[in-house]
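Okay, structure first, notes after.
The values are calculated or read from the model by the stated rules, or taken from the named source; none is laboratory data. It should be emphasised that the depicted structure is a prediction, and the values quoted were computed from it without experimental measurement. Reconstructed Cβ throughout: ideal geometry from the backbone, glycine too, with neighbour counts over all protein chains shown.
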Amino acid sequence: MLATRRLHVLVALADAGSIAGAAAAVGCSAAAASQQLTLLERESGAQLLERSARSVRLTGAGELLVEHARRILADLDTAEQEVAAAGSVGGGRLRIGSFSTAARRLVVPVLGTLRRRHPRLRLSFAELEPEHALPAVRAGELDAAVTHRYHLLAAPDTHGVRTTTLYTEPLLLAAPSAVAAHVADLRAFADADWVATYPDRGFQAVTELTARLAGFEPRITCRAAGYPVVLELVTAGLGVALVPRSAATPQPGLRLLEITEPAGLARTVELTTRAADASPAVAEFRRELRVRSSSL
């Protein structure tokens with residue numbers, strides 16, 4: 001029978017790309033991690049790794065076992081959660097991820113409420129964009145994450161997870177105050193300079209994909225990791241930008257325009273959990289999020 005600790009080391013190796021990185025992830029020495037991997041190869045009866053003087057990589061058999069190991073470890077984590085559900089919220093664990101805007105407006109205040117209500121609840125938080133948070137929930141590395149999806153754009157893969165809608169908000173066009181319009185047809189800004197976030201797997205390529213819906217390729221001259229800097233760049237006159245309403249902070253020198261064309265530009269903010277998660281801590285977190293989001 002394959003030992004779960006060794007499967008943890010193998011998955012950590014696949015994620016980190018090195019034995020040293022895997023050892024750091026599971027909390028042991030590189031020598032101990034290498035020994036665990038050798039024992040795992042013996043238990044499985046297959047060569048899982050190709051080692052050289054400077055690197056190590058997974059064989060085909062190793063990649064196959066990693067796929068199975070992720071599911072096995074996620075199932076074990078779910079079993080742990082379900083057993084913990086027989087107890088109280090206060091004695092459990094809650095690992096949360098969220099993108100930045102929702103973290104400030106929703107998640108951190110709710111986590112503060114839960115901390116005061118349940119001092120013994122083991123809470124942890126990571127700021128993550130949906131493209132990283134969704135796989136982490138699916139793999140059992142997070143119990144829940146606040147994520148988002150943009151209307152009119154390709155939806156993310158939600159296989160194996162459950163989503164609960166928290167709120168829907170429109171996208172606005174942020175422009176320098178010198179722009180005289182009160183509403184925006186994006187086609188009128190086809191020749192403008194654009195400010196955008198960094199695209200990653202389509203989740204954040206909102207500017208590029210939305211402009212193409214309007215029939216043009218945007219000339220992106222500035223990029224930033226978050227909307228506060230995006231708005232500063234717009235205010236400085238360096239371009240226009242698409243910004244969700246919750247991130248559109250009014251400030252001098254900035255004009256926020258409703259978008260009339262393309263119609264229906266919006267994003268939905270959701271709570272994402274594993275489909276089979278019965279944790280009372282997750283259930284209470286969901287309830288508190290829905291109460292707080294109802295006032296937005």
Verdict on T221 being over 23 Å from V146 (Cα atoms), touching a residue at least 12 places away in the same chain (Cβ under 8 Å), assigned by TED's automatic domain parsing to the domain that holds H151 and crowded, with 16+ Cβ neighbours inside 10 Å = no
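Which residue out of A211, A155, A188 is in contact with a strand residue (DSSP E or B) (Cβ under 6 Å, 6 or more places away or on another chain), hydrophobic (A, V, I, L, M, F, W, C) and not in a strand (DSSP E or B)? Write out each step before concluding.
Details: A211 fails: in contact with a strand residue (DSSP E or B) (Cβ under 6 Å, 6 or more places away or on another chain); A188 fails: in contact with a strand residue (DSSP E or B) (Cβ under 6 Å, 6 or more places away or on another chain).
None of the other options fit; the residue is A155.
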note = Selection over the range 80-113 where residues are among the acidic types (D, E) and modelled with pLDDT under 65 yields a count of 1
ask   = From the residues in the range 90-104 that are out of contact with any Lys or Arg (no Cβ under 8 Å at 6 or more places or on another chain) and part of a helix (DSSP H, G or I), which one is farthest from P130 (Cα to Cα)?
value = R104
remark   = Over the range 187-237, the set of residues farther than 19 Å from L265 by Cα and polar (S, T, N, Q) is T221, T235
key: Failed item in (1) farther than 11 Å from L10 by Cβ; (2) in a helix (DSSP H, G or I), with A46 passing the rest   = (2)
message = Test of understanding: among A53, A33, which residue is exposed (fewer than 14 other Cβ atoms within 10 Å of the Cβ), aliphatic (A, V, I, L, M), modelled with pLDDT under 90 and over 28 Å from the mean Cα position of the chain (by Cα)?
response = A53
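Could you please find all residues in the range 265-280 being at pLDDT below 90 and in contact with a strand residue (DSSP E or B) (Cβ under 9 Å, 6 or more places away or on another chain)? Outline the logic, then answer.
Within the range 265-280, the first condition is being at pLDDT below 90, and the residues that meet it are 274-280.
Residues satisfying the conditions are R274, A275, A276, D277, S279.
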